[in-house]
Amino acid sequence: PRWRQAWDDQGIFATANDDPKPKYYVLEMFPYPSGRIHMGHVRNYTMGDVVARYKRAAGNAVLHPMGWDAFGMPAENAAMAQKVHPKAWTYENIATMKKQLQSMGLSLDWAREVATCDPAYYKHQQKLFLDFLKAGLVAREYRKVNWDPVDQTVLANEQVIDGRGWRSGAVVEQRDLHQWVFKISDYAEELLEAIDTLDRWPDKVRLMQKNWIGRSEGLLIRFALKPETTPGGESELEIFTTRPDTLFGAKFMALSPDHPLSLAVAKNNPELAKFIEDCHHLGTSQEAIDTAEKMGFDTGIKAVHPFDPSWTLPVYVANFILMDYGTGAIFGCPAHDQRDLDFVNKYGLGNIPVVCPEGQDPKTFVITTEAFTDDGRMINSRFLDGMTIADAKNEVAKRLEKESRGNRPVAQRQVNYRLRDWGISRQRYWGCPIPMIHCEKCGVVPVPDSDLPVTLPEDVSFDKPGNPLDRHAAWKNVKCPTCGGDARRETDTMDTFVDSSWYFLRFTDPWNENAPTTPEIANAWMPVDQYIGGIEHAILHLLYSRFFTRAMKKTGHVNLDEPFGGMFTQGMVVHETYRKKNGEWAMPAEVTIVSEGDTRKATLTATGEPVAIGAIEKMSKSKRNTVDPDDIMESYGADVARWFMLSDSPPDRDVIWSEEGVQGASRFVQRLWRLVGEIADVTAPAERPTKFSDQALTVRKAAHRALANVSEDIEKLRFNRCVAQIYECANALSDAIGSAETAPSPDFAWALREAGDILVRLFHPMMPHLAEECWAALGHTTLVSTESWPTVEADLLVETTITLPVQINGKKRADVTVPRDAEKADIETAVLALDAVQRALDGKSPKKVIVVPQRIVNVVA
RNA sequence: GCGGACGUGGCGGAAUGGUAGACGCAACGGACUUAAAAUCCGUUUCUCGUAAGAGAGUGAGGGUUCGAGUCCCUCCGUCCGCACCA
């Protein structure tokens with residue numbers, strides 16, 4: 001606390017927007033204020049802090065802010081369960097968690113703190129919404145939602161468990177509700193293409209984003225219908241396909257149950273109406289989809305094959321056709337699509353193979369239960385026969401594009417995306433109000449800018465189901481800003497993903513009360529140079545933020561496309577689980593572990609009851625395998641927690657939190673402190689010696705090598721290797737001191753002090769409190785947190801003589817020590833003279849000798 | 001089903017195509033101590049050997065190369081993402 005006080009007093013982590021040094025913006029995903037920080041936060045924020053402290057020392061103006069993703073459902077749940085107001089609950093949690101974060105010694109600029117539930121923040125978000133609306137990036141659509149009839153609320157997919165509401169247990173219904181959507185799909189192509197420019201993002205995340213956007217190229221084809229078979233004389237049906245080449249293998253057409261034509265037929269066909277109704281109850285959960293059988297209903301409608309007026313196809317309504325994708329209708333080619341094949345096999349429609357694998361005789365090629373989806377040559381397809389799939393696709397498109405019906409071509413090429421527009425309406429209280437007003441006369445009217453923010457009313461209750469905003473007459477009923485007549489507010493609030501889609505921009509100038517950003521300042525700080533967070537946000541949060549940045553560019557709030565230059569996804573913190581005899585879980589803090597030889601045994605500390613040691617799993621409340629960061633920081637200190645978080649695993653993999661590991665970290669902290677104490681006891685000359693003994697050189701080399709390696713490893717976020725380097729350096733210094741004569745010579749003493757100064761600055765980003773203490777012990781009066789990063793003496797990294805491994809036929813058999821810049825021929829001579837080589841050659845001359853300078857020698861016998 | 005990642009000692013993990021196992025944890029032996037803890041010194045991939053040493057070894061099998069944990073192919077296993085996307 002002493003050092004944190006010193007940092008605060010001197011304000012060394014506050015960042016000025018006019019700092020002339022090169023900028024570096026490091027950001028960790030801001031937390032949801034759930035109550036207390038957990039180990040995942042400790043890991044995330046430690047990594048970010050190492051980067052921030054390193055970059056600051058390396059001469060950058062570092063922006064390293066923190067805030068709170070403060071809207072969301074848990075606050076409402078708490079309100080319902082504990083009769084506390086969501087706002088009070090949230091701000092209490094923020095206060096607790098802020099204190100916890102501060103005790104970690106993070107180098108954050110708290111002056112820039114924002115909370116998304118603060119009207120001073122969401123006011124600007126409402127402004128952004130209105131700007132987006134003007135720019136045509138907002139729309140209002142009917143969307144299917146999961147409706148809980150008991151709680152009278154919309155449920156997210158994750159809240160629907162086995163088709164029932166997670167809280168009420170009521171059977172969930174599908175309802176069409178008016179939803180505000182952001183038109184992210186307008187940017188689908190751009191968001192997809194720009195992924196290739198994100199070269200400092202993990203490949204995995206880039207791939208996940210690509211798949212999520214899900215681009216596919218295909219053909220829209222308008223099939224003619226026999227009007228006498230349709231309910232209202234409809235004459236055509238438009239479908240989307242990526243396989244127009246298989247048109248001559250068509251066996252049926254299928255409509256989504258929600259397709260307008262399906263609904264039209266159902267009006268006079270109770271059986272179909274029932275079928276559609278059943279489809280709606282099938283549920284949207286993964287298991288339901290996995291196990292659902294392909295089912296169809298023949299509407300009696302006949303479609304005409306686009307290349308053969310005499311060829312008609314039956315039109316079915318089928319449960320596996322999605323209204324959301326393409327046109328909600330397909331043509332089915334069973335031979336080359338597994339779903340279509342399952343379907344025809346069930347309804348006895350048969351199949352015609354039209355693509356034949358290379359090398360197979362078309363006459364004997366038949367499809368039974370396995371569709372053929374690989375490449376091949378066209379067969380049974382009239383003018384397409386013999387073509388490749390790609391050529392056939394082209395040929396079909398070319399012919400149908402030329403043909404027209406009713407002044408429009410029969411087909412046109414189209415690109416389709418899996419990405420859907422972003423529905424942001426949530427029927428909840430604790431979120432950012434959507435600044436719109438519904439007027440009977442004028443329709444939906446935006447709240448004028450001058451009336452922002454639309455603040456949440458605080459006098460609400462959660463004792464009844466549904467959204468309290470809906471019941472709050474005084475808040476809800478307003479005058480229409482256009483006509484002045486009676487109107488009502490939009491009572492939906494925004495998805496909390498909106499809040500987190502631009503906070504990184506707000507941090508650049510959180511003091512601007514008039515606008516979301518100050519564009520010059522935002523432009524100067526952006527993009528975020530290093531963003532660090534969990535893989536769970538690899539898709540939605542990052543994609544939404546990328547969209548938001550583009551939308552804010554379009555509306556003049558910032559001038560860049562990609563918000564995050566570098567992205568890093570950290571692994572989880574996992575821990576052993578412990579189970580009592582009665583099946584209950586025990587917490588790590590309640591358990592004592594004893595090692596007996598190779599086996600470990602666990603007992604309850606309080607009662608001595610043995611507990612079973614279970615699998616290592618993600619820390620979770622349900623398995624109770626959590627460790628409270630406060631407990632660790634109290635018993636070991638923040639630096640130990642930080643050090644262990646960085647030490648054990650590569651940062652992108654899971655780290656196993658273990659008592660033994662923490663103790664190891666703690667031992668090392670003590671050791672470093674003793675080591676620095678010993679160095680501090682050495683009296684060194686003020687002047688740098690002109691000559692160094694071998695002993696002194698060894699120490700200097702160890703320190704400078706560690707310096708070079710740690711710098712590189714921090715740049716590449718390889719913190720586990722930094723830790724190993726620092727261990728090695730400390731080991732080398734200990735050894736040097738241990739082997740030294742009683743009174744160190746001046747040059748050795750000087751080298752030791754130099755190495756000590758370097759070592760302390762090297763581990764400062766990881767263990768700032770210890771580093772300050774050590775820095776002071778070494779006699780410095782400055783704060784190590786403000787010191788610059790040491791400079792490597794490159795000469796010290798280069799050895800004058802080196803020892804090369806000598807391989808014989810690829811196996812290491814000897815070493816040879818040669819001058820660093822020895823000629824290949826000289827090395828070869830030296831190697832051939834070695835006993836081991838002579839023995840292996842047995843008098844013969846080698847077939848070949850490969851000398852890789854400064855690396856290795858390989859003798860091929 | 002589609003896509004991707006990974007597989008190295010008892011464990012976490014190191015290793016620009018160039019000495020496999022850095023560093024840490026655990027374990028074992030020793031010193032100090034009345035004792036324990038802490039600390040310090042040492043051993044620790046496996047097999048054979050008292051030792052010097054020899055042989056094997058990065059999931060399995062094949063290939064490229066003077067040389068493969070690393071690159072290529074096949075298979076096995078684990079994990080992750082998406083998933084009735086036409």
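The values are calculated or read from the model by the stated rules, or taken from the named source; none is laboratory data. This structure is a prediction, so every number in the text was calculated from the model and none was measured. Cβ atoms come from the backbone with ideal geometry, glycine included; neighbour counts cover every protein chain shown. Protein only, heavy atoms only, side chains kept; ligands, DNA and RNA dropped before computing areas. Shrake-Rupley method; radii C 1.70, N 1.55, O 1.52, S 1.80 Å.
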* Asked: For residue A:346, which lysines qualify as cross-link partners when the Cα separation must be under 16 Å and same-chain residues fewer than eight apart are set aside?
  -> A:251, A:294
* Cα lying deepest toward the dipole's positive end in chain A, options A:227, A:364, A:524, charges on Cβ -> A:227
* Using 0.36 nm per residue, how much length does the chain from residue A:735 to residue A:120 gain when fully extended, once their Cα-Cα distance is taken away? -> 215.6 nm
* Structure fact -> For the stretch A:342-398, using Cα atoms only, the Rg and Dmax in Å read 12.2, 34
* Return one quarter of the surface area of the convex hull spanned by the alpha-carbon atoms of the stretch A:478-633, equal to its mean projected area, in nm². => 16.7 nm²
* Structure fact -> For residue A:426, the accessible surface traced by a 1.4 Å probe with all protein chains present amounts, in square angstrom to the nearest 10, to 80 Å²
* Structure fact -> As a Kirkwood estimate from alpha-carbon pairs, the stretch A:592-690 has a hydrodynamic radius in angstrom of 16.8 Å
* To do: Enumerate the amide H contacts of residue A:620 below 5 Å, restricted to partners 5 or more residues apart or on another chain; note that Pro and chain-start residues carry no placed amide H.
  => A:625, A:626
* Asked: Mind checking the dipole of chain A: about its Cα centre, +1 per Lys or Arg Cβ, -1 per Asp or Glu Cβ, Debye to the nearest 20?
  -> 940 debye
* At 1.4 Å probe size, with every protein chain present, just tell me what the per residue accessible area of chain A comes to in Å². => 46 Å²
* Asked: Give or take rounding to whole Å, what are the principal axis extents of the alpha carbon atoms in the stretch A:774-842, in descending order?
  -> 67, 22, 18
* Asked: Where q = 0.10 Å⁻¹, what log10 of I(q)/I(0) comes from the Debye formula for chain A, counting one point per Cα?
  -> -1.22
* Simple Cβ-charge dipole of the stretch A:50-166, Lys/Arg +1 and Asp/Glu -1, about Cα centre, in debye nearest 20 -> 460 debye
* Leading residue at positive end of dipole, the stretch A:303-419 (Cβ point charges), from A:412, A:347, A:312 -> A:412
* **Length gained when the stretch residue A:193-residue A:168 is fully extended (0.36 nm per residue, less Cα-Cα span)** => 4.7 nm
* Low-density loop cleavage sites - GluC sites (Glu not before Pro) in the stretch A:554-629, where at most 12 other Cβ are within 10 Å (DSSP) -> A:584
* Asked: Within the stretch A:633-710, which GluC sites (Glu not before Pro) sit in a loop by DSSP and count at most 15 neighbouring Cβ atoms inside 10 Å?
  -> A:687
* Please list A:328-336, A:432-440 highest first by mean number of surrounding beta-carbon atoms within 10 Å per residue. => A:328-336, A:432-440
* Asked: Where does helix A:768-777 land angle-wise versus the long Cα axis of chain A, in degrees 0 to 90, nearest 10?
  -> 20 degrees
* Asked: According to a simple spin-label model (label point 7 Å from Cα along Cα-to-Cβ), what is the distance in nm between residue A:622 and residue A:559?
  -> 5.0 nm
* How big is Rg to Rh over the stretch A:724-861, alpha-carbon atoms, Rh as the Kirkwood inverse-mean-distance radius? -> 1.19
* Reduced Cα scattering model of the stretch A:438-531, Debye log10 I(q)/I(0), q = 0.22 Å⁻¹ -> -1.11
* Structure fact -> If one compares the long axis through the Cα atoms of helix A:203-213 with the longest principal axis of the Cα atoms of chain A, the angle in degrees, nearest 10, works out at 10 degrees
* Going down the list A:87/A:618; A:811/A:848; A:144/A:479; A:210/A:398; A:183/A:479; A:464/A:623, which pairs span over 24 Å between their C-alpha atoms? -> A:87/A:618; A:144/A:479; A:210/A:398; A:183/A:479; A:464/A:623
* Asked: What list of ³J(HN,Hα) couplings, whole Hz, do you get for the stretch A:185-201 from phi and the Karplus terms 6.51, -1.76, 1.60, once you set θ to phi - 60° and write x for glycine and proline?
  -> 5, 4, 9, 3, 5, 5, 4, 6, 5, 5, 4, 5, 8, 8, 6, 9, 10
* Lys/Arg +1, Asp/Glu -1 at C-beta; the stretch A:781-861 dipole; positive extreme among A:861, A:834, A:781 -> A:861
* Structure fact -> Once the in-chain neighbours fewer than 8 apart are removed, the lysines whose Cα is under 17 Å from residue A:21 read A:55
* Expressed as a whole percentage, what fraction of the accessible surface of the stretch A:67-142 belongs to carbon and sulfur atoms when a 1.4 Å probe is rolled over the protein heavy atoms? -> 56 percent
* Gain in length, residue A:604 to residue A:581, computed as 0.36 nm per residue apart minus the alpha-carbon separation, to one decimal in nm? -> 7.2 nm
* Asked: Two-decimal Rg/Rh of the stretch A:3-146 from alpha-carbon positions, Kirkwood Rh?
  -> 1.05
* Around residue A:568, which amide H atoms from residues at least 5 apart in sequence, or from another chain, sit under 5 Å from its own amide H, with H modelled in the peptide plane? -> A:531, A:532, A:533
* Protein-only accessible surface order, largest first, of A:8, A:509 at 1.4 Å -> A:8, A:509
* Structure fact -> Across the alpha-carbon set of the stretch A:711-798, Rg over Rh with Rh taken as the Kirkwood radius works out to 0.97
* Asked: What is the dipole size for the stretch A:541-650, taken about its Cα centre, with +1 at each Lys and Arg Cβ and -1 at each Asp and Glu Cβ, in debye to the nearest 20?
  -> 680 debye
* To do: Measure nothing fancy, just the Cα-based angle from helix A:86-103's long axis to the longest principal axis of chain A, in degrees from 0 to 90, nearest 10.
  => 30 degrees
* Provide the convex hull volume over Cα atoms per residue for the stretch A:1-58, in Å³. => 122 Å³
* To do: Between residue A:612 and residue A:663, take the C-beta separation as r, use R0 = 30 Å, and let me know the FRET efficiency to the nearest 0.05.
  => 0.85
* Asked: Which percent of Cα-Cα pairs in the stretch A:319-435 sits in each 5 Å bin, short to long?
  -> 2, 9, 13, 15, 16, 15, 10, 5, 4, 4, 4, 2, 1, 0
* Counting other Cβ atoms within 10 Å, which GluC sites (Glu not before Pro) in the stretch A:459-568 have at most 13 and lie in a DSSP loop? -> A:513
* **DSSP-defined beta bridges in chain A - what % are antiparallel, rounded to 5** => 80 percent
* What residues qualify as long-range amide H neighbours of residue A:68, i.e. H under 5 Å apart, gap of 5 or more or another chain, H built at 1.01 Å from N? -> A:114, A:115, A:116
* To do: Only Cα pairs under 8 Å and at least 6 apart count here; give the relative contact order of chain A as a rounded whole percent.
  => 12 percent
